[in-house]
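Shown below is the structure under consideration.
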Amino acid sequence: MAIRNIRILGDEVLRKKSKEVKENNEKLQILIDDMFDTMYEANGVGLAAPQVGILKRLVVIDVDGTPYTLINPVIVESDGTQTGDEGCLSVPNKSGIVTRPNHVICKALDRDFNEITVEGTELLARCICHELDHLDGVVYVDKVEGDLVEVSYEEE
Ligand code: NI
């Protein structure tokens, strides 16, 4: 287990387009494990590889206890809209309002390179859209309606 350094907005790696993952190897498996560790440690629900400085089309998501590894993900269908608060581990202590599809169907490879289809509504749909944006150098602040607001978390 290893926690990787999360890149913060302003780091140019977050603005680059990621490349397709072509090969499944030990290095990729370690990256996936590290991304989950890093996401859980930061209390996030999603993390994209560019956020740990790796320009590969890979995201990890866990919004409700079901972990998803999405390699080379593509949204093949989306409909409806939802407007709500969004945040990002690369933009600490901020949130903003973003409108996203309320339902998406995403095709990807899982960590064993099996083709999978993930269907999500509400938070899962939002998270899939947000994480896939990272693979094209898009950060939610680009889409925010109104101002970013400061979020403070109470120490426990
Ligand atoms: Ni993000």
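Does region 53-87 hold any residues that are buried (at least 22 other Cβ atoms within 10 Å of the Cβ), touching a helix residue (DSSP H, G or I) at 6+ places or on another chain (Cβ under 7 Å) and not in a strand (DSSP E or B), and which are they?
Of everything in region 53-87, nothing turns out to be buried (at least 22 other Cβ atoms within 10 Å of the Cβ), touching a helix residue (DSSP H, G or I) at 6+ places or on another chain (Cβ under 7 Å) and not in a strand (DSSP E or B).
Scanning for something assigned to a strand (DSSP E or B), in contact (Cβ under 8 Å) with a residue 12 or more places away in the chain and more than 16 Å from the ligand (Cβ to nearest atom), does region 122-142 turn up at least one residue? Let's see the steps before the verdict.
Step one: filter region 122-142 for residues assigned to a strand (DSSP E or B), giving none.
Taking every residue of region 122-142 in turn, none turns out to be assigned to a strand (DSSP E or B), in contact (Cβ under 8 Å) with a residue 12 or more places away in the chain and more than 16 Å from the ligand (Cβ to nearest atom).
Does ASP147 qualify as being away from the ligand (no atom under 14 Å from the Cβ), at negative phi and not in a strand (DSSP E or B)?
Taking the combined requirement at face value, the residue does not satisfy it.
Please give the number of the condition ASP112 fails out of (1) outside any strand (DSSP E or B); (2) more than 20 Å from LYS22 (Cα to Cα).
The one condition ASP112 does not meet is (2).
Additional query: Which numbered condition in (1) hydroxyl-bearing (Ser, Thr, Tyr); (2) open to solvent by 30 Å² or more (accessible area, probe 1.4 Å); (3) part of a strand (DSSP E or B) is the only one that SER152 fails?
(3)
From the set of residues in region 12-29 that are touching a residue at least 60 places away in the same chain (Cβ under 8 Å) and part of a loop (DSSP other than H, G, I, E, B), which is surrounded by the fewest Cβ atoms within 10 Å (Cβ to Cβ)?
Per the criteria, the residue is LYS17.
Looking at region 90-99, can you tell me whether even one residue there is buried (at least 19 other Cβ atoms within 10 Å of the Cβ) and not small (Gly, Ala, Ser)?
Yes, because at least one residue in region 90-99 is buried (at least 19 other Cβ atoms within 10 Å of the Cβ) and not small (Gly, Ala, Ser).
The values are calculated or read from the model by the stated rules, or taken from the named source; none is laboratory data. Note that this is a predicted model, so its numbers are computed, not measured. Note that each Cβ is placed from the backbone with ideal geometry, even for glycine, and that neighbours are counted across all protein chains shown. Quick note on the areas: whole protein, heavy atoms, side chains included, nothing else; ligands and nucleic acids left out. Shrake-Rupley method; radii C 1.70, N 1.55, O 1.52, S 1.80 Å.
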